[in-house]
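Working notes, beginning with the structure itself.
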Amino acid sequence: MKFFIDTANLDQIAEAQALGVLDGVTTNPSLMAKEGITGKNNILKHYVDICQIVDGGDVSAEVISTTFDEMVKEGEELAELHDQIVVKVPMIRDGVKALKYFSDNGIRTNCTLVFSAGQALLAAKAGASYVSPFIGRLDDISTDGLHLIAEIREIYDNYDFGTEILAASIRHTMHVIECAKLGADVMTGPLSAIEGLLKHPLTDIGLEKFLADYKKGNS
Ligand code: G3P
């Protein structure tokens, strides 16, 4: 399973990278705005800064256009920025057409805002590199986000689609573990969801005892 971090915060990306388990970064317009990154040039520069922190990992950069022609123009410009850039395209009619265009032209894509198995099937048919089902947002409306991951896994396996399932809108550590059990190819979430994986009270208690016993025998 690949681990992506879902943020535009450079310090957090660097921290996740330093942990040695980071495979990529996902961003979106809301995450860029949260970091105060505004204006086209600043946004493009920020994507390059992110690519330079993540060692060879994929970095999703989202188009803000909603028509085919504009999405193609914007996506090509984003893809030109760095070879780690994956163009993030929303699951709308023109987005599906753009996914197909990018796929035919060797530009990698991440189909975002996916909330149903049908949308995920369409994204795979259009040749998306990644599909991003938003599991946290489904949970928010009392729908089972994890069930969607299972459905997409089954469909993709039935037909050997090459599209990778990128479980997005991950909110906590248990989402990561459940997505791993269901066979999601990638998860993207906050640093806290990744760091939560390393915590166990028995590890802390055990280490404390080992160190105390060592101290007794070596003092
Ligand atoms: O990767 C998609 C993600 O940014 C959405 O997460 O927490 O805003 O639902 P959230």
- Message: Using the Cα centre of the chain as origin and beta-carbon charges of +1 (Lys, Arg) and -1 (Asp, Glu), tell me which of ILE85, THR188, ALA61 is placed farthest towards the positive end of the dipole.
- Response: THR188
- Count neighbours as other Cβ atoms within 10 Å of each site's Cβ, and list the trypsin sites (Lys or Arg not before Pro) in the stretch 186-219 that are DSSP loop with at most 11 such neighbours. LYS199
- Task: For the stretch 1-100, compute Rh as the Kirkwood radius over C-alpha pairs and then the Stokes-Einstein diffusion coefficient at 10 °C and 1.306 mPa s; write the answer in µm²/s, rounded to an integer.
- Result: 116
- Note on the structure: Cα-Cα pairs in the stretch 2-217 separated by more than 30 Å, as a whole percent of all pairs, come to 25
- Gain in span if fully extended, GLU15 to GLU154, counting 0.36 nm per residue against the direct Cα distance: 46.6 nm
- Item | DSSP bridge orientation in the stretch 42-134 - percent antiparallel, rounded to nearest 5 | 0
- Query: ASN158: net charge of surrounding residues, Cβ under 15 Å, Lys/Arg +1, Asp/Glu -1, itself excluded?
  - Reply: -2
- What is the helix-to-structure angle for 68-81, meaning the angle in degrees between its Cα long axis and the longest Cα principal axis of the chain, kept from 0 to 90 and rounded to the nearest 10? 40
- Query: Roughly how many percent of the accessible protein surface of the chain is carbon and sulfur, given a 1.4 Å probe and a whole-percent answer?
  - Reply: 54
- Note on the structure: Partner lysines whose C-alpha sits under 30 Å from that of LYS45, ignoring same-chain residues fewer than 8 away, are LYS2, LYS34, LYS73, LYS88, LYS97, LYS100
- Item | Quotient of C-alpha Rg and 2.2 N^0.38 Å, computed over the stretch 93-188 | 1.02
- Size of electric dipole in the stretch 2-217: Cβ of Lys, Arg +1 and of Asp, Glu -1, about Cα centre, debye, nearest 20: 280
- Using alpha-carbon coordinates, inclination of helix 93-104 to the longest axis of the chain, degrees: 80
- Item | Dipole magnitude of the stretch 163-219 about its Cα centre (Cβ charges: Lys, Arg +1; Asp, Glu -1), debye to nearest 20 | 260
- Around GLN17, what is the net charge, scoring Lys/Arg as +1 and Asp/Glu as -1 over all other residues with Cβ under 11 Å from its Cβ? -4
- Please give the FRET efficiency for LYS34 paired with ARG93, using the beta carbon to beta carbon distance and R0 = 22 Å, rounded to the nearest 0.05. 0.15
- Hey, quick one: spin label on HIS172, modelled 7 Å out along Cα-Cβ, who in the stretch 181-219 has an amide N within reach, i.e. under 12 Å? 193
- Task: Obtain the nm distance between the two label points defined at HIS147 and MET1 by a simple spin-label model: each point lies 7 Å from its Cα along the Cα-to-C-beta direction.
- Result: 2.1
- Query: Considering only protein heavy atoms, what per residue accessible area in square angstrom results for the stretch 108-194 with a 1.4 angstrom probe?
  - Reply: 41
- Taking a crude spin-label model, label points 7 Å out from Cα along the C-beta direction, the GLU70 to LEU198 distance in nm is 4.3
- Item | Local electrostatic count, LEU138, Cβ distance below 14 Å [Lys/Arg +1, Asp/Glu -1] | -3
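The values are calculated or read from the model by the stated rules, or taken from the named source; none is laboratory data. Predicted, not measured: the structure shown is a model, and the values here were computed from it. In this analysis, Cβ positions are derived from the backbone assuming ideal geometry, glycine residues included, and neighbour counts consider all displayed protein chains. Ligands, DNA and RNA are excluded from the accessible area calculation, which covers all protein heavy atoms including side chains. Shrake-Rupley method; radii C 1.70, N 1.55, O 1.52, S 1.80 Å.
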